[in-house]
Amino acid sequence: ECSIWNADGTFKTAPKLFTQSYTIHAHNEFSMKPIVFSALPDKYEETYSSLLQSVITYAKANNLILCPTSILIDFELSSFNAFKKAFPNTNIVFCHFHFAKNIMKNLKKL
(Lines give C-alpha, C1' and ligand atoms only; values in the text may rest on other atoms or scores of the structure.)
Protein backbone atom coordinates (compact mmCIF):
# COMPACT_ATOMS: atom_id res chain seq x y z
CA GLU A 1 0.00 0.00 0.00
CA CYS A 2 2.83 2.44 0.81
CA SER A 3 5.37 2.48 -1.97
CA ILE A 4 7.73 5.26 -0.82
CA TRP A 5 9.77 4.77 2.33
CA ASN A 6 12.12 7.01 4.32
CA ALA A 7 14.71 5.43 6.61
CA ASP A 8 17.07 7.20 8.97
CA GLY A 9 18.90 6.83 12.24
CA THR A 10 19.63 9.27 15.02
CA PHE A 11 22.20 8.96 17.74
CA LYS A 12 21.01 11.58 20.23
CA THR A 13 17.84 9.68 21.18
CA ALA A 14 19.30 6.17 21.26
CA PRO A 15 18.78 4.23 24.50
CA LYS A 16 21.96 3.93 26.59
CA LEU A 17 22.80 0.37 25.52
CA PHE A 18 22.47 1.18 21.81
CA THR A 19 24.27 3.30 19.22
CA GLN A 20 21.27 4.61 17.32
CA SER A 21 17.50 4.76 17.06
CA TYR A 22 16.51 3.77 13.53
CA THR A 23 13.10 4.33 11.97
CA ILE A 24 11.39 3.57 8.69
CA HIS A 25 8.43 5.66 7.56
CA ALA A 26 6.05 4.94 4.68
CA HIS A 27 4.22 7.47 2.52
CA ASN A 28 0.78 7.07 1.08
CA GLU A 29 -1.07 9.74 -0.85
CA PHE A 30 -2.21 11.50 2.33
CA SER A 31 0.47 11.11 4.98
CA MET A 32 3.75 9.63 6.17
CA LYS A 33 3.49 7.01 8.91
CA PRO A 34 6.17 5.33 11.01
CA ILE A 35 6.22 1.60 10.32
CA VAL A 36 9.42 0.48 12.09
CA PHE A 37 11.05 1.69 15.30
CA SER A 38 14.31 0.04 16.32
CA ALA A 39 17.32 0.46 18.58
CA LEU A 40 20.51 -0.70 16.88
CA PRO A 41 23.87 -1.54 18.48
CA ASP A 42 26.00 -0.29 15.56
CA LYS A 43 26.01 0.91 11.95
CA TYR A 44 27.19 -2.30 10.27
CA GLU A 45 25.60 -3.70 7.14
CA GLU A 46 24.88 -6.99 8.92
CA THR A 47 22.87 -5.14 11.57
CA TYR A 48 20.76 -3.32 8.99
CA SER A 49 20.30 -6.60 7.09
CA SER A 50 19.14 -8.35 10.25
CA LEU A 51 16.64 -5.56 10.95
CA LEU A 52 15.26 -5.68 7.41
CA GLN A 53 15.04 -9.47 7.46
CA SER A 54 13.03 -9.22 10.69
CA VAL A 55 10.68 -6.73 9.02
CA ILE A 56 10.26 -9.02 5.99
CA THR A 57 9.65 -12.06 8.22
CA TYR A 58 7.06 -10.15 10.28
CA ALA A 59 5.30 -8.97 7.12
CA LYS A 60 5.10 -12.50 5.70
CA ALA A 61 3.78 -13.91 8.98
CA ASN A 62 1.05 -11.26 9.03
CA ASN A 63 0.15 -11.42 5.32
CA LEU A 64 1.50 -7.93 4.66
CA ILE A 65 2.94 -7.10 1.27
CA LEU A 66 6.13 -5.04 1.23
CA CYS A 67 6.77 -3.53 -2.17
CA PRO A 68 8.48 -0.17 -1.84
CA THR A 69 9.18 1.44 -5.22
CA SER A 70 11.71 3.82 -3.67
CA ILE A 71 13.50 4.21 -0.36
CA LEU A 72 15.06 7.51 0.71
CA ILE A 73 18.13 7.12 2.95
CA ASP A 74 21.13 9.17 4.06
CA PHE A 75 24.60 8.67 2.58
CA GLU A 76 25.51 5.55 4.53
CA LEU A 77 26.91 2.72 2.45
CA SER A 78 26.09 -0.01 4.97
CA SER A 79 22.37 0.85 5.03
CA PHE A 80 22.34 1.25 1.24
CA ASN A 81 23.81 -2.24 0.77
CA ALA A 82 21.37 -3.80 3.23
CA PHE A 83 18.32 -2.20 1.59
CA LYS A 84 19.56 -3.14 -1.89
CA LYS A 85 19.95 -6.79 -0.84
CA ALA A 86 16.58 -6.91 0.94
CA PHE A 87 14.70 -5.08 -1.83
CA PRO A 88 16.72 -5.62 -5.03
CA ASN A 89 14.05 -4.20 -7.36
CA THR A 90 13.61 -1.00 -5.36
CA ASN A 91 15.11 2.35 -6.29
CA ILE A 92 17.33 3.52 -3.41
CA VAL A 93 17.56 7.33 -3.32
CA PHE A 94 20.04 9.36 -1.30
CA CYS A 95 18.66 12.29 0.69
CA HIS A 96 19.52 15.73 -0.72
CA PHE A 97 19.55 17.24 2.81
CA HIS A 98 22.32 14.88 3.94
CA PHE A 99 24.21 15.45 0.69
CA ALA A 100 24.15 19.24 1.16
CA LYS A 101 25.06 18.88 4.84
CA ASN A 102 28.13 16.79 3.94
CA ILE A 103 29.22 19.31 1.31
CA MET A 104 28.94 22.21 3.77
CA LYS A 105 30.86 20.27 6.43
CA ASN A 106 33.71 19.63 3.99
CA LEU A 107 33.71 23.20 2.67
CA LYS A 108 34.18 24.50 6.21
CA LYS A 109 37.34 22.39 6.48
CA LEU A 110 38.94 24.24 3.54
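Can you tell me which residue is surrounded by the most Cβ atoms within 10 Å (Cβ to Cβ) among those in the range 16-34 that are out of contact with any helix residue (DSSP H, G or I) (no Cβ under 8 Å at 6 or more places or on another chain) and either under 21 Å from Lys85 (Cα atoms) or aromatic (Phe, Trp, Tyr) (or both)? Filtering first and then ranking leaves Ala26. The set of residues from the range 56-77 being surrounded by 15 or more Cβ atoms within 10 Å (Cβ to Cβ), touching a helix residue (DSSP H, G or I) at 6+ places or on another chain (Cβ under 8 Å) and of a type outside the set (Asp, Glu) comprises Leu66, Ile71, Ile73. Going by what's in this entry, would Ser50 be described as of a type outside the set (Val, Ile, Thr), closer than 21 Å to Phe99 by Cα and either in contact (Cβ under 8 Å) with a residue 40 or more places away in the chain or part of a helix (DSSP H, G or I) (or both)? No; evaluated as a whole, the condition is false for this residue. Kindly establish whether Ala86 is crowded, with 17+ Cβ neighbours inside 10 Å, in contact with a Phe, Trp or Tyr (Cβ under 9 Å, 6 or more places away or on another chain) and farther than 24 Å from Pro15 by Cα. Criteria met by Ala86. Gln53 meets each of the listed conditions (1) within 12 Å of Ala82 (Cβ to Cβ); (2) crowded, with 16+ Cβ neighbours inside 10 Å apart from (2).
Do we find a residue being at pLDDT 95 or above and assigned to a strand (DSSP E or B) anywhere in the range 80-93? Yes, the range 80-93 contains at least one residue that is at pLDDT 95 or above and assigned to a strand (DSSP E or B).
The values are calculated or read from the model by the stated rules, or taken from the named source; none is laboratory data. Note that the structure is a prediction, hence the values are computed from the model and not measured. Methodologically, a virtual Cβ is constructed for each residue, glycine included, from the backbone with ideal geometry; neighbour enumeration extends over all protein chains shown.
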